[in-house]
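**Q** Quick one: this structure, given as structure tokens, is what I'll be asking you about.
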Amino acid sequence: MRTIRGKLTAWYTAALLVALAVFAGALYVELRKPSILELDSRLELETSLALRWLQDSHRVLGRLVLGDTLLSGASSAAQGPGDLSGPSLSPSVSAYFEAYRDYLILVDRDRNILFLSESARALSFQSLRTLADQIPPELTPKAATSIPLGVPGGAVRFTVVPVSGAGEDLGAILLAAPFTNSTFDPRVLLNAILVVSPVVVVFAVALAYWLAGTALVPVRLIMDEMDAIKDGRSLHRRLAVPLSNDELARLALTLNGMLARLETSFSSLHRFTADASHELKTPLMVLRAGVERALTHPKTPSESIEALDEALEQVNQMSEMVEDLLTLARADEGRAPLTMDAMDLRELVADATETAGLLAEGQGVEVTSKVPDNPVLLPVDRQRMRELLLNLATNAVKYTPAGGSVAIELEDAPDQVRLRVADTGIGIAPGDLPHIFDRFWRADPARSRTGDRPGVGLGLSITKWIAEAHGGTIMVASRPGRGTIFTVTLPRSVEPIN
Ligand code: ADP
């Protein structure tokens, strides 16, 4: 039973069998009800007739009992029900009761048995005792009730009526009738069900199998389509969404959404790989050309040292880039843990201002900083936070022409700390703003990584990751030709992500 179709059929069959059983039970109860009512009214009629007969006989004959009792009270076990040696009903009266098919028991005021009908005499001693015990000691009337008498009597329905107006000797009449004689027999129903149900079950199972198969056709179609799409080159394809707007339509929509996300991440992965190879290829080519030149045209030692120097610079840039890529890859995998230490962020600002200041000196750019008077203590990863601030500060210097200025500001708010790096540089075009945190993205692709503004476009991606890993955010505001402001907001209670 490994297929959904098989499972559905099995479940349906089980449910059908349970439903059939419940239906048969309910049918049995319903069919029995009228026959029990009929039995009860028969018992009522017969007891009233018996009572009337006793009263009429008393009026004509006077005393109706002869000799001692038959069975001494309902509690006596010594006498058998067939023992007729005690007092008994006068034969001229009891002859009338012999015609009763049901169990009739007549007792005196002490519940001693005076008469048993023929069918009652045929009962076992135990059954007769059980039945006689149903007569209440106070001889109060009892409406029709069911009681099991055991094999062979089975369950009976009985009623008790006190005898009045027939002399002091008579106590009560108990009249009982077995169910099987007049009521609905469950075996009839069971037989009917046994005959009909195999046909119904076979038909229903076949129907369930067919229905399950039909219902699963769209699922099979989706599976076939997914099979065709599963190789990476077909990710642009989409599943046909059924017009039914049901669960399958939702499944197709969900899968299409997943395919769209897969396509996006596959293409960004491709782009990322292509960009990374391209960025590595250029310095490698420069390196190779330099080394080949030095080997084929050996020059003076000073020229060789110059070539080696250039080669070293290329190697440094490449290892810097590989380091950045590794950081981002680890961050993606969640394997770049932060080492959080409470520190005064003013130290970081001072450090970054100094480094950016040195860089800016040669460019004619002024770097200033503004920090609060009191320490701004925050648990951060010292190395990473330093990297974040340096990335922003060196970018600001890099993209600010001579005569411009860069301001690094630290602001302490009650629930957060803000780091702001503002420059008066070339700015970023509004259309470029959504991309600046993308990996390998640079505003002007024509800018050479070895030119006056070197870089490969990974710095801001790393900066964004560091801010977010500290539970913070980074925002940018810029106007081309006027300058750019980067604002990093860090919450006071830092829950490091990763
Ligand atoms: P890189 O600086 O190495 O190119 P980044 O990721 O640090 O890479 O920056 C991505 C791009 O964002 C830069 O190439 C530049 O076009 C733009 N950019 C970043 N900072 C500034 C800034 N302060 N002013 C203008 N443009 C900027």
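**Q** Any idea which residue in segment 244-268 is surrounded by the most Cβ atoms within 10 Å (Cβ to Cβ), counting only those that are charged (D, E, K, R) and closer than 27 Å to Phe440 by Cα?
**A** Here is the first cut: in segment 244-268, the residues charged (D, E, K, R) are 246-247, 250, 261, 263.
Narrowing further to those that are closer than 27 Å to Phe440 by Cα: 261, 263.
On the way: Arg261: 11, Glu263: 16.
Among them, the one singled out is Glu263.
**Q** Additional query: Given the conditions (1) over 47 Å from the mean Cα position of the chain (by Cα); (2) without any contact (Cβ under 8 Å) to a residue 12 or more places away in the chain; (3) not in a helix (DSSP H, G or I), report the number of the one that Gly431 does not fulfil.
**A** (1)
**Q** For segment 323-353, give me each residue that is in a helix (DSSP H, G or I) and touching a helix residue (DSSP H, G or I) at 6+ places or on another chain (Cβ under 8 Å).
**A** Hits for segment 323-353 are Asp324, Leu325, Thr327, Leu328, Ala331, Leu345, Leu348, Val349, Asp351, Ala352, Thr353.
**Q** Further question: Can you tell me which residue is modelled with the highest pLDDT among those in segment 438-469 that are of a type in the set (Asp, Glu) and within 9 Å of the ligand (Cβ to nearest atom)?
**A** Here the answer is Asp438.
**Q** Considering only residues that are small (Gly, Ala, Ser) and within 55 Å of the chain's Cα centre (by Cα), look in segment 398-415 and name the one that is nearest to the ligand (Cβ to nearest atom).
**A** For segment 398-415, the residue satisfying everything is Ala407.
**Q** Can I ask one more? Has segment 369-390 got at least one residue that is of a type in the set (Val, Ile, Thr), at pLDDT below 95 and over 47 Å from the mean Cα position of the chain (by Cα)?
**A** Within segment 369-390 (the criterion being of a type in the set (Val, Ile, Thr), at pLDDT below 95 and over 47 Å from the mean Cα position of the chain (by Cα)), the answer is no, since none of the residues qualifies.
**Q** Does Asp381 count as in contact with a Pro (Cβ under 8 Å, 6 or more places away or on another chain), more than 12 Å from the ligand (Cβ to nearest atom), open to solvent by less than 50 Å² (accessible area, probe 1.4 Å) and of a type in the set (Asp, Glu)?
**A** Judged against the criteria, Asp381 is a match.
**Q** Additional query: Show the residue pairs that are 6+ apart or on different chains and have beta-carbon atoms under 7 Å apart, the first residue being within segment 37-65 and more than 14 Å from Ala176 (Cα to Cα), the second being modelled with pLDDT of 90 or more and of a type in the set (Val, Ile, Thr).
**A** From segment 37-65, the pairs are Leu51/Val161; Leu51/Val163; Leu51/Ile173; Leu54/Val163.
**Q** Taking interchain pairs and intrachain pairs at least six residues apart, which have beta carbon atoms under 7 angstrom, with the first residue in segment 208-221 and under 27 Å from Leu17 (Cβ atoms) and the second open to solvent by less than 60 Å² (accessible area, probe 1.4 Å)?
**A** Here the result reads Ala208/Thr9; Ala208/Thr13; Tyr209/Thr9; Ala212/Thr9; Val219/Leu248, each pair linking segment 208-221 to a residue that is open to solvent by less than 60 Å² (accessible area, probe 1.4 Å).
**Q** Filter segment 391-412 down to the residues that are out of contact with any Leu (no Cβ under 9 Å at 6 or more places or on another chain) and assigned to a helix (DSSP H, G or I) and list them by number.
**A** Ala396
**Q** Do you know which residues across segment 84-128 are closer than 20 Å to Pro141 by Cβ and either part of a loop (DSSP other than H, G, I, E, B) or out of contact with any strand residue (DSSP E or B) (no Cβ under 7 Å at 6 or more places or on another chain) (or both)?
**A** Tyr100, Asp102, Arg109, Asp110, Arg111, Asn112, Ser117
**Q** Restricting attention to segment 470-496, and to residues there that are surrounded by fewer than 17 Cβ atoms within 10 Å (Cβ to Cβ) and not in a strand (DSSP E or B), which single residue is nearest to the ligand (Cβ to nearest atom)?
**A** Only one residue tops the list, namely Pro480.
The values are calculated or read from the model by the stated rules, or taken from the named source; none is laboratory data. Keep in mind that what you see is a predicted model, and the values were worked out from it rather than measured. Ideal geometry is used to build each Cβ from the backbone, glycine not excepted, and the neighbour counts take in all protein chains shown. Protein only, heavy atoms only, side chains kept; ligands, DNA and RNA dropped before computing areas. Shrake-Rupley method; radii C 1.70, N 1.55, O 1.52, S 1.80 Å.
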